[in-house]
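Heads up, the thing below is written out as structure tokens.
The values are calculated or read from the model by the stated rules, or taken from the named source; none is laboratory data. Keep in mind the model is a prediction, meaning the values are calculated, not measured. Glycine gets a Cβ as well: all are built from the backbone with ideal geometry, and neighbour counts include every protein chain shown. The accessibility values were calculated without ligands, DNA or RNA, using every heavy atom of the protein model including side chains. Shrake-Rupley method; radii C 1.70, N 1.55, O 1.52, S 1.80 Å.
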Amino acid sequence: MNRILTVALAGNPNCGKTTIFNHLTGSRQHVGNYPGITVDKKYGDAHLDGQTIRIVDLPGTYSLTAYSQEEVVARRMLAEERPDVVVQVVDSGALERNLYLTVQLMELGIPVVLALNMMDEVRKRGDSIDTRRLAQLLNVPVVETVGRSGEGVSEVLRAAVALAAERSGAAWAPLKISYGPDLDAAMQDMEPEAERGLAVVPAVPGGQALFPARWIALKYLENDPDIRKEGLLPPENAAKLEERCAQVTKHISDTVHSYPEAVIADYRYGYISGLLRGDVVQRHKDIADRRDFSDRVDKLLTHKLLGPLIMIGIFYCIYEIAFKLGSYPMDLVEALFDWLGAAVGDVLDDGLLKSLIVAGVIKGAGGVLTFVPLILVMFLLIAFLEDSGYMARIAYMLDRVFRMFGLHGSSVMPYIISGGIAGGCAVPGVMATRTLRSPKEKLATILTVPFMACGAKIPVFTLLVGAFFVEDQRATVMLCITLTGWILALLAARVLRSTVITGEPTPFVMELPPYRLPTLHGLLLHTWERGWQYIKKAGTIILAISILLWAAMTFPSLPEDREKHYADLKAPLEERVEAAEKAVEAVKKLAPAEETKAEAPAAKAKEEKAEKEEPGTPEEEALAEAKDALDAVKNEESSEALRHSIAGRIGTALEPVSKYAGFEWRTNIALLGGFAAKEVLVSTLGTAYSLGEVDPEEAAPLEEQIKNDPHWNKANALSLLIFVLIYAPCVVTIVAMKAETGGWRWPVFSLVYSTLLAYGLAVAVYQIGKTLV
């Protein structure tokens with residue numbers, strides 16, 4: 001059996017690398033048109049002529065110098081796993097910048113195939129690239145591709161397999177270029193010392209060192225933090241490299257007022273410029289001076305004044321469209337679950353099983369699924385912004401603002417991914433902080449991204465906004481909630497950066513990818529991926545938590561003396577109801593037995609009207625009064641049973657504190673469940689109100705129940721909105737924080753400080769609001 005070849009895909013952010021990965025492997029991995037989306041290497045299998053090829057999608061990176069975790073992940077995979085070939089996906093429209101990574105890959109010695117991607121855009125501009133000439137100059141295979149359509153993708157794979165066969169068993173052959181007399185002399189001294197050090201450290205399979213000796217010397221000169229602290233060399237060899245590096249650094253500073261890293265970058269770009277000199281890239285003279293479409297659009301969308309206003313307008317439109325389009329299917333889904341609850345309630349006998357299914361499952365997890373249509377619409381609109389390239393413009397515009405609060409332009413993307421445009425998730429937002437070079441800025445970003453309006457909070461916001469605000473106000477309120485999350489996150493970051501996380505800011509450099517019209521298939525795919533994650537969460541995690549909370553709200557049952565008390569109250573009322581029903585039946589029997597065809601519809605309409613309004617006869621009035629009295633006792637019994645349960649006792653015990661924020665015991669139960677996942681708030685409130693009803697399967701929608709509850713008003717609705725926005729990251733986010741910060745200290749700090757901040761703000765909002773309501 002042939003050995004499975006390993007091909008790694010490398011490239012700058014936004015070069016279309018992940019799109020090619022999807023074409024090769026059929027993967028369902030998300031593709032977004034902004035930096036930082038690929039934060040881990042991902043695997044998939046491709047097939048060519050009956051041979052299986054393992055494809056590795058490396059994080060998007062501009063270099064192999066470990067300034068960010070993306071670059072560390074990419075470099076470690078190349079060094080430790082030793083793929084047979086690296087396919088570097090290149091944005092053909094920015095060839096010079098992309099070849100900077102190519103030079104570094106070649107200096108490492110690994111076999112490289114260049115995939116010149118987005119060639120359709122180059123052709124549209126009237127430009128051309130002589131790929132044959134470029135391949136000769138670089139001495140690597142070069143293939144033209146269009147990732148979106150799949151053009152040239154199979155040819156790239158074929159070239160990679162051919163190169164792997166050609167280089168099979170051969171040692172890596174590092175490219176050597178000149179970096180000027182000063183650095184060349186230094187590397188000539190440092191390379192043998194690195195070689196001696198590598199001789200005593202473990203080698204990779206095949207007897208080669210982890211990195212070439214010249215490459216290690218070069219990284220020392222570049223002040224690569226990961227290489228210096230990794231312990232690749234014995235201490236005595238590392239010390240000699242450090243000493244020689246310090247000497248050449250001082251010499252360059254004294255003579256040319258620069259530093260080795262800048263000199264290396266200059267010589268690399270000089271080498272690239274020499275490669276491209278001549279006819280490798282040809283531009284038509286008649287369009288050479290024409291400004292690119294993206295540049296013209298950016299003059300408006302990234303304008304200092306108009307840009308932010310347009311951004312806020314886009315946010316508003318997202319909510320307006322989502323509420324307009326999502327409200328109709330939401331009503332249908334809600335009606336479906338109401339019907340399902342009533343149907344199941346009619347089939348099952350009264351008891352724990354009926355309560356579990358109707359109140360725990362249908363009213364719990366079903367309440368969360370009601371919001372799926374609205375969230376799908378929102379995800380579709382957000383996917384359009386991502387794939388079009390507008391997300392990167394938001395980061396560019398907000399960099400200046402973020403610096404005022406001690407953050408970095410690269411912090412914008414984690415904010416957006418976490419729900420800066422509502423509908424994200426804090427978990428990938430926390431993971432996206434790996435693109436930040438400064439540990440201080442990374443930590444401040446991690447501790448504040450949970451303030452964003454993530455998709456888990458949207459059902460809570462939609463429930464309360466729908467209950468207490470008219471339709472024309474809802475998009476505005478949702479926009480205000482989103483902006484409030486941004487404002488509070490930035491203010492919290494400023495406080496953190498001025499107190500517990502002090503440190504110098506780092507510079508921000510970011511590529512603005514060209515605008516592209518997203519494909520319908522891509523938009524639908526991204527929308528479904530995110531929507532399916534939401535549905536799957538509702539059907540697994542939320543369902544499990546809903547059942548646990550149902551049990552906590554059901555047990556223990558009332559003491560025998562209280563059950564007897566209510567039984568004694570209900571017995572005479574049930575007799576009254578039975579007697580009144582017999583009286584009504586008797587009156588009906590005395591009525592005319594037949595009606596004319598013309599009279600029948602009128603009589604039926606009169607009967608339906610009588611059922612909705614006041615009863616007509618004295619007997620019917622007596623029956624209604626008896627039923628109301630019995631229902632009142634049953635509701636009082638259900639309410640006391642709920643308060644007597646474990647969850648009810650906890651919620652009631654918290655009321656002396658929570659009442660200042662306007663939260664009663666039912667809300668307290670929901671907020672406790674929200675520590676696990678924010679969607680649980682809706683399911684818990686649905687279960688709590690359902691258990692408090694006489695006939696939960698016939699209860700009104702949760703939005704109506706909350707709206708009609710005398711405890712609720714706009715003041716405590718707003719206080720709950722602000723509390724849910726800020727308090728306690730969910731359990732999964734806490735775990736992600738622990739992974740990124742390397743311990744439990746900062747996740748626990750986040751849990752405590754965000755909850756205290758949320759409580760303080762909720763109290764202020766409620767106390768001020770109740771004076772105005």
**Message:** Just to verify a number: FRET efficiency for K589 and I768, C-beta to C-beta distance, R0 = 41 Å, to 0.05?
**Reply:** 0.10
**Message:** Within 13 Å, Cβ to Cβ, of R277, how many net charges do the neighbouring residues add up to if Lys/Arg are +1 and Asp/Glu are -1?
**Reply:** -2
**Request:** Multiply the residue separation of W532 and A265 by 0.36 nm, subtract the distance between their alpha-carbon atoms, and state the gained length in nm to one decimal.
**Result:** 91.6 nm
**Asked** Applying 1/(1 + (r/R0)^6) with R0 = 22 Å to the Cβ-Cβ distance of A162 and R132, what FRET efficiency is obtained, to the nearest 0.05?
**Response** 0.85
**Asked** So what is the 222 nm mean residue ellipticity for the chain from helices alone, if each DSSP H run of at least 4 adds -39500 (n - 2.57) and you divide by all residues, rounding to the nearest 500 deg cm²/dmol?
**Response** -20000 deg cm²/dmol
**Request:** Can you tell me the FRET efficiency between Y328 and R3 if r is taken as the Cβ-Cβ distance and R0 is 35 Å, rounded to the nearest 0.05?
**Result:** 0.05
**Prompt:** Only one of the listed values, (i) 33.1, 117; (ii) 28.0, 92; (iii) 49.2, 165, was derived from the coordinates as Rg and Dmax of the Cα atoms in Å; which label is it?
**Reply:** (i)
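What ranking of E242, E121 comes out by heavy-atom accessible area, probe 1.4 Å, highest first?
Working: E242 65, E121 40 Å².
Output order, biggest surface exposure first: E242, E121.
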**Prompt:** Which helices, counted as full DSSP H runs in the chain, have an axial Cα extent of no less than 30 Å and a Kyte-Doolittle average of -0.5 or above?
**Reply:** 306-347, 471-498, 745-772
**Asked** What number comes out for the charge environment of I310, summing +1 per Lys or Arg and -1 per Asp or Glu over other residues with Cβ under 13 Å away?
**Response** +2
**Request:** Please give, to one decimal in nm, the separation of the simple spin-label points placed at L336 and R125, each 7 Å out from Cα toward the Cβ.
**Result:** 4.8 nm
**Item:** Additional length obtainable on full extension of the chain from V500 to L305, 0.36 nm per residue less Cα span
**Value:** 66.8 nm
**Message:** Using only the heavy atoms of the protein chains and a 1.4 Å probe, how would W550, W172, W532 rank by accessible area, largest first?
**Reply:** W532, W172, W550
**Fill in**
Once amide hydrogens are built 1.01 Å from N within the peptide plane, the residues lying 5 or more places from L48 or on another chain with amide H under 5 Å from its amide H are I53
**Fill in**
Counting only residues 5 or more apart in sequence or on a different chain, those whose built amide H sits under 5 Å from that of V113 are V86, V87, Q88
**Message:** For the full complex of protein chains and a 1.4 angstrom probe, list K299, K17 by accessible area with the highest value first.
**Reply:** K299, K17
**Complete:** In the chain the accessible area split gives carbon plus sulfur, as whole percent at 1.4 Å, a share of 59 percent
**Fill in**
By the mean-Cβ-within-10 Å protection proxy, highest first, 652-663, 716-727 rank as 716-727, 652-663
**Request:** Report the local net charge at A475: Lys and Arg +1, Asp and Glu -1, summed over other residues whose C-beta lies under 11 Å from its C-beta.
**Result:** -1
